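Report on one structure; see the data block that follows.
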Amino acid sequence: APVPNQFCVFLYGTDKTQVTFGNGFLCVTGSVTRLQPAVLATGNTAAFDLDLTNLSPGTLHFQCWFRDPQGGGAKFDTSDGVSITLAP
């Protein structure tokens, strides 16, 4: 949050970066997984329930990629990235 009330997808990767992407930065790289399905943000908040039981221990980097028609430019943007370490 905050994100526009638009569709968005969550992704995670094994590495992090900071590369210009849309109206912001892509922070996720390496082996990237796009989580399905896309979610519709409401109240300018997007959330995704993720089952962590099938993920290997280690650090993963997460980000939300969303449509931003009012933002101009590329008309899409990304959230800040967040890193989470999963312990065995």
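The values are calculated or read from the model by the stated rules, or taken from the named source; none is laboratory data. Nothing here was measured: the structure is a model prediction, and the numbers come from that model. Quick reminder, even Gly has a Cβ in these numbers, built from the backbone with ideal geometry, and neighbours come from all protein chains shown. These accessible areas exclude ligands, DNA and RNA; they are computed on the full protein's heavy atoms, side chains included. Shrake-Rupley method; radii C 1.70, N 1.55, O 1.52, S 1.80 Å.
Here region 31-50 is the region considered, the condition is being under 13 Å from the mean Cα position of the chain (by Cα) and among the β-branched types (Val, Ile, Thr), and the residue that is surrounded by the fewest Cβ atoms within 10 Å (Cβ to Cβ) is THR45. Kindly check whether there is at least one residue in region 14-24 that is among the aliphatic types (A, V, I, L, M) and over 13 Å from the mean Cα position of the chain (by Cα). There is at least one residue in region 14-24 that is among the aliphatic types (A, V, I, L, M) and over 13 Å from the mean Cα position of the chain (by Cα). Residues that are of a type outside the set (Phe, Trp, Tyr) and in contact with a Cys (Cβ under 6 Å, 6 or more places away or on another chain) were ranked within region 1-17; the one that is surrounded by the most Cβ atoms within 10 Å (Cβ to Cβ) is CYS8. Please enumerate the residues belonging to region 51-88 that are without any contact (Cβ under 8 Å) to a residue 40 or more places away in the chain, open to solvent by 70 Å² or more (accessible area, probe 1.4 Å) and within 22 Å of LYS16 (Cβ to Cβ). LEU52, ASN54, SER56, PRO57, VAL82, ILE84, THR85, ALA87, PRO88 - these are the residues of region 51-88 that are without any contact (Cβ under 8 Å) to a residue 40 or more places away in the chain, open to solvent by 70 Å² or more (accessible area, probe 1.4 Å) and within 22 Å of LYS16 (Cβ to Cβ). If you go through region 13-35 and keep only what is touching a residue at least 12 places away in the same chain (Cβ under 8 Å) and either part of a loop (DSSP other than H, G, I, E, B) or of a type in the set (S, T, N, Q) (or both), you end up with THR14, THR17, GLY22, ASN23, THR29, GLY30, SER31, VAL32, THR33, LEU35.
Please work out which residue is nearest to TYR12 (Cα to Cα), limiting yourself to region 56-73 and to residues that are assigned to a loop (DSSP other than H, G, I, E, B) and either within 17 Å of the chain's Cα centre (by Cα) or of a type in the set (Ser, Thr, Tyr) (or both). Restricting to residues being assigned to a loop (DSSP other than H, G, I, E, B) and either within 17 Å of the chain's Cα centre (by Cα) or of a type in the set (Ser, Thr, Tyr) (or both), the top hit is SER56.
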